[in-house]
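Everything on this sheet refers to the single structure shown next.
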Amino acid sequence: MHNEIETPDLSLLNKAQFDACTHNEGPAVVYAGAGSGKTRVICCRIAWLILNQGVPPSSILAVTFTNKAAKEMKERIEKYIGAQKAKNIIVSTFHAFCARFLRIYSHEAGYNPGFSIYDDNDQKSLLKDILKQLNVPDKLLSVNTVKSKIDKIKNQGLTPEEYLQDIKNNQDYSLKEQKYQLRQFGEHYDPELIQKVYAMYQRLMKQQNAMDFNDLLLVMFKLLENSPHVLESLQNRFRYFLIDEFQDTNPIQFKLVSLLSSKTKNLFIVGDDDQSIYSWRGAEPSFILNFHKEHENTKVYKLEENYRSSNTIISAATSVIKNNYKRADKSLYTKKTNGIKIKFKSCEDAFSESKYIANEIYSAIQNEEKFSDFCILYRTNAQSRSLEDELRRRMMPYIIYGSVRFYERAEIKILLAYLKLIINTTDEASFQKVINTPRRGFGDKALQNLKDLSIQRKETLLKTLNEVVFGGIENDITRSISGVKEFMMSYQKWRSNLDSHNKPSQILAEIISDIKFEAYLKTTHPEDFDERWLNVIELKNAIVEFEHIQIDDEFNFENKIQTGIEKLSKFIEQAMLTVEPTVVNVQQGNANAITLMTIHSAKGLEFPKVIIAGLEEGVLPHQNSLDSPEAIEEERRLMYVAITRAKEKLILTNCKRNRFKDFLPAQESRFISEIPFEVIDYADNQNKNIKKEFGKINTIEQKFVDKPRIFKGDDLLKQEMNSTQNDGVTWRKGQRVKHKVFGDGIIREIEKSSQGYRLKIKFEKSSIGEKTLIHTYVQPA
């Protein structure tokens, strides 16, 4: 059965859309603002080329960034021109396109047609073997770090030989930038060692007739670059190239599409530099901004009319994004009415922020609105914990989009297993999770021997291990007890301390310190350590909150004081009861629910009502961005993306106290002050007619202003800090300090911040140079 063809009526397009759709020959860039109908333009253009210009469908290549987007685009094109014609058009992701044609030209590329595509686990397994062959210990260079580095090198389009040449020349700016940005976390960063591992990795991959995902792009590009007949063959087939979300392209993707389209010059790119938020994946907005410079006679189109949001929301978004210096000249507008004002609420802390958000949603539900109308956006996954707790407490259905629930995250499950084992000595599942995490030289074989012995003795694993370690039982396990002896001693200390001071939060802090959990996360997850460590801090916050909240227990008739074990048990019980029937239904798609997600995950989505939580300096914008004007601009683009997800209603919230260090005040995000005060309804009725400018590029002097003109809580800081003293340490210019990774250095400048002090330090190692760090990361030398 064939679907009825719905030929697109181009007269229904606005002028900018029509002009872009009917672009004839040559390169073109379409700056498509949020909600401006870019997908419609791409699909209508493909239909116009085929139906009006007589272009053969097989000569069109359309590329986007996700399989979901490619599928939706293909389906829309089928509606426009029919399935028969549409089947000859290639609509795919970069990786799928490359995989398809590498199968055809595999021999030219040096592979067999049946080559395997390795996933992350396959890559890590091979890299682990290589590091073992090279006698490189995990503490010196972890598998995750070397994989991340190799991925970045490939995204730059460099083979092992080219990377080696770059090291020798030391002229590649991107390489130097990577060296500066690399989070060493106690590991030894050696470019020559990375190159050696990279070369061995590629050699073994080829021996195994395998490619990883980044190889698909790199091998394809090198094939086209070095095999003129293959390039000519593809250039003869494809005459028109349409690339969606061009602001998300990385160097190898840019090189690939530029090479393919170099014959016909018919490269039609669509994107929005204001929504370029994936620099950590290698995306560079400069590719779309400088496209007209790279390609002569480029025609520029601007889709500036938004069909999604109210005028109030568009006004806020454009007012924020115009503060970026490096962006194309465009201004989003809408013909929709103003709609309701944006609501802004400054809450005391994350707990009260979550309560406020839940109250707002509950009030709307009472007015017959739907849970599924609401989306709560935040900068980091760690922020979801307090929100989840409050929504769960009220039995309000929710889903976590693109992530996992807080208490189901790997690092949280490990720490909960430690806590559960303290409560329940017979919890075998928790014991098996923690006994070799972090590694203590007690592997699978030793664990199996322990299981066999515990069955023989009819005892729990924990009790059996205790007797092996301290009772002198002779067994094969005794060869593996050196590492677990410290664990057993710590375990007994934790139980004893919990009985004595009744503070579960203090026990968690002891566990984190004793097992060196921070170092473990840095080594095993260097690429997203910050995110995971914030989750750990948030778990401790959750327990502290729990300790301060009076829990009503209907069975506690005598109101007796709860022991530490009882408190911890109740917390664990609350944390484990995360899946109520309503949430199960939501996960099955049978019920409406509130959506929680990071702003990065929200790209391309829209909701009637959006709540943006955590608008504080150090959160949004993120702490890691505060010293870089380029990073601040990306954070501003994140704010722009968040605002433009809302169709009808937008609520903004923040905290007055630092959500991760509640003894310090928090500073309101600079992005709040960039929204016109006349479009905001201030819930606290505070006077906001005060101009605040920082974190912006001065367009006249092109100078980055990173010091806030107004600093909320400044007086509180003065009361808490004596001169430049913090945490019992006095900081002064010229003072020598020590960093556990960067080594020794001298303080050049001291600046007060919401987290204490920011110290500009000149390190002795020439490879490190000068860095600005929060005072908690260094110690007096």
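Could we say that GLN195 is more than 18 Å from SER106 (Cβ to Cβ), in contact with a Phe, Trp or Tyr (Cβ under 6 Å, 6 or more places away or on another chain) and open to solvent by less than 50 Å² (accessible area, probe 1.4 Å) here?
On the way: more than 18 Å from SER106 (Cβ to Cβ): yes; in contact with a Phe, Trp or Tyr (Cβ under 6 Å, 6 or more places away or on another chain): yes; open to solvent by less than 50 Å² (accessible area, probe 1.4 Å): yes.
Yes, satisfied.
Take segment 1-23 and flag every residue that is in a loop (DSSP other than H, G, I, E, B) and in contact (Cβ under 8 Å) with a residue 12 or more places away in the chain.
Matches in segment 1-23: HIS2, ASN3, ILE5, GLU6, THR7, PRO8, LEU13, ASN14, THR22, HIS23.
Can you name the helices (runs of 4 or more DSSP H) wholly within segment 365-459 that have at least 2 residues being basic (Lys, Arg) and surrounded by fewer than 20 Cβ atoms within 10 Å (Cβ to Cβ)?
Filter on segment 365-459 gives 444-457.
Quick check on ASN436: is it modelled with pLDDT of 85 or more and assigned by the TED database to the domain that holds GLU510?
Yes: the conditions hold for ASN436.
Just one of GLU232, GLU245 is over 27 Å from ARG40 (Cα atoms), at pLDDT 90 or above and assigned by the TED database to the domain that holds HIS23; which is it?
It is GLU232.
Quick check on this structure: which one of LYS302, LYS293, LYS265 is touching a Phe, Trp or Tyr at 6+ places or on another chain (Cβ under 9 Å) and basic (Lys, Arg)?
The unique qualifying residue is LYS302.
When segment 511-522 is examined, which residues are found to be touching a residue at least 12 places away in the same chain (Cβ under 8 Å), surrounded by fewer than 16 Cβ atoms within 10 Å (Cβ to Cβ) and not basic (Lys, Arg)?
Those that are touching a residue at least 12 places away in the same chain (Cβ under 8 Å), surrounded by fewer than 16 Cβ atoms within 10 Å (Cβ to Cβ) and not basic (Lys, Arg): GLU518, ALA519.
Touching a helix residue (DSSP H, G or I) at 6+ places or on another chain (Cβ under 6 Å) and under 13 Å from MET220 (Cβ atoms), is that true of PHE65?
no
State which residue is surrounded by the most Cβ atoms within 10 Å (Cβ to Cβ) when the search covers only segment 20-38 and only residues that are among the small types (Gly, Ala, Ser) and more than 27 Å from SER310 (Cβ to Cβ).
Here the residue is ALA28.
I'd like the residue in segment 205-238 that is open to solvent by less than 40 Å² (accessible area, probe 1.4 Å) and charged (D, E, K, R) and, out of all such residues, is farthest from ASN266 (Cα to Cα).
Here the answer is ASP212.
Quick one: ASP499 ticks every box in (1) acidic (Asp, Glu); (2) closer than 27 Å to LEU141 by Cα; (3) open to solvent by 50 Å² or more (accessible area, probe 1.4 Å) bar one, so which box is it?
Condition not satisfied by ASP499: (2).
Which residue, of GLN202, GLN247, GLN195, GLN235, is touching a strand residue (DSSP E or B) at 6+ places or on another chain (Cβ under 8 Å) and either assigned to a loop (DSSP other than H, G, I, E, B) or of a type outside the set (A, V, I, L, M, F, W, C) (or both)?
Every option except GLN247 fails the conditions.
Results for (1) within 17 Å of ILE130 (Cβ to Cβ); (2) surrounded by fewer than 17 Cβ atoms within 10 Å (Cβ to Cβ); (3) at pLDDT 85 or above, shown as yes or no for each residue.
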residue	(1), (2), (3)
SER142	yes, no, no
LYS152	no, no, yes
GLN156	no, no, yes
GLU162	no, yes, yes
ILE167	no, yes, no
GLN171	no, yes, no
LEU175	no, no, no
ARG203	yes, yes, yes
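Could you tell me which of the residues LYS293, LYS255 is of a type in the set (D, E, K, R), in a helix (DSSP H, G or I), touching a Gly at 6+ places or on another chain (Cβ under 6 Å) and open to solvent by 10 Å² or more (accessible area, probe 1.4 Å)?
Of LYS293, LYS255, the one residue that is of a type in the set (D, E, K, R), in a helix (DSSP H, G or I), touching a Gly at 6+ places or on another chain (Cβ under 6 Å) and open to solvent by 10 Å² or more (accessible area, probe 1.4 Å) is LYS255.
Please return the ranges of strands (runs of 3 or more DSSP E) entirely within segment 696-781 where 3 or more residues are modelled with pLDDT of 55 or more and open to solvent by less than 20 Å² (accessible area, probe 1.4 Å).
On the way: elements: 736-739, 743-753, 756-763, 770-774.
Those strands (runs of 3 or more DSSP E) span 743-753, 756-763.
Does segment 273-289 contain at least one residue that is open to solvent by 40 Å² or more (accessible area, probe 1.4 Å), modelled with pLDDT of 90 or more and more than 27 Å from GLY114 (Cβ to Cβ)?
No; the residues of segment 273-289 include none that is open to solvent by 40 Å² or more (accessible area, probe 1.4 Å), modelled with pLDDT of 90 or more and more than 27 Å from GLY114 (Cβ to Cβ).
Give the residue that is modelled with the lowest pLDDT, with candidates limited to residues of segment 125-140 that are closer than 13 Å to LEU204 by Cα and either open to solvent by 60 Å² or more (accessible area, probe 1.4 Å) or outside any helix (DSSP H, G or I) (or both).
Per the criteria, the residue is SER125.
Could you tell me whether GLU304 is open to solvent by 10 Å² or more (accessible area, probe 1.4 Å), among the acidic types (Asp, Glu) and in contact (Cβ under 8 Å) with a residue 60 or more places away in the chain?
Yes.
Kindly establish whether HIS525 is open to solvent by 60 Å² or more (accessible area, probe 1.4 Å) and at pLDDT 60 or above.
No: the conditions fail for HIS525.
Can you name the residue in segment 636-681 that is charged (D, E, K, R) and within 11 Å of VAL320 (Cα to Cα) and is also farthest from the chain's Cα centre (by Cα) among such residues?
Among those residues, the one meeting the criterion is GLU674.
Kindly evaluate VAL29 against the criterion of being assigned to a strand (DSSP E or B) and touching a residue at least 60 places away in the same chain (Cβ under 8 Å).
Yes; evaluated as a whole, the condition is true for this residue.
If you go through segment 619-632 one residue at a time, do you hit one that is buried (at least 24 other Cβ atoms within 10 Å of the Cβ), of a type in the set (D, E, K, R), touching a Ser or Thr at 6+ places or on another chain (Cβ under 7 Å) and assigned to a loop (DSSP other than H, G, I, E, B)?
The answer is no; no qualifying residue exists.
Could you grab me the full set of residues in segment 65-114 that are touching a residue at least 12 places away in the same chain (Cβ under 8 Å), in a helix (DSSP H, G or I), open to solvent by less than 50 Å² (accessible area, probe 1.4 Å) and not aliphatic (A, V, I, L, M)?
LYS74, TYR80, PHE94, PHE97, CYS98, PHE101
Within segment 291-338, count every residue that is within 30 Å of VAL257 (Cα to Cα) and of a type in the set (Phe, Trp, Tyr).
Summing the residues that are within 30 Å of VAL257 (Cα to Cα) and of a type in the set (Phe, Trp, Tyr) in segment 291-338 gives 3.
Return the residues of segment 323-364 that are part of a helix (DSSP H, G or I) and aromatic (Phe, Trp, Tyr); say none if nothing qualifies.
PHE351, TYR356, TYR362 - these are the residues of segment 323-364 that are part of a helix (DSSP H, G or I) and aromatic (Phe, Trp, Tyr).
Which pairs have Cβ atoms under 6 Å, sit 6 or more apart or on different chains, and link a residue in segment 470-495 that is assigned by the TED database to the domain that holds VAL434 to one that is at pLDDT 65 or above and aromatic (Phe, Trp, Tyr)?
SER480/PHE442; GLY483/PHE442; VAL484/PHE442
The values are calculated or read from the model by the stated rules, or taken from the named source; none is laboratory data. Predicted model, so just to flag it, every value in this text is computed and none were measured. Cβ atoms come from the backbone with ideal geometry, glycine included; neighbour counts cover every protein chain shown. Note: accessible area is taken over every heavy atom of the protein model, side chains too, but ligands, DNA and RNA are not part of it. Shrake-Rupley method; radii C 1.70, N 1.55, O 1.52, S 1.80 Å.
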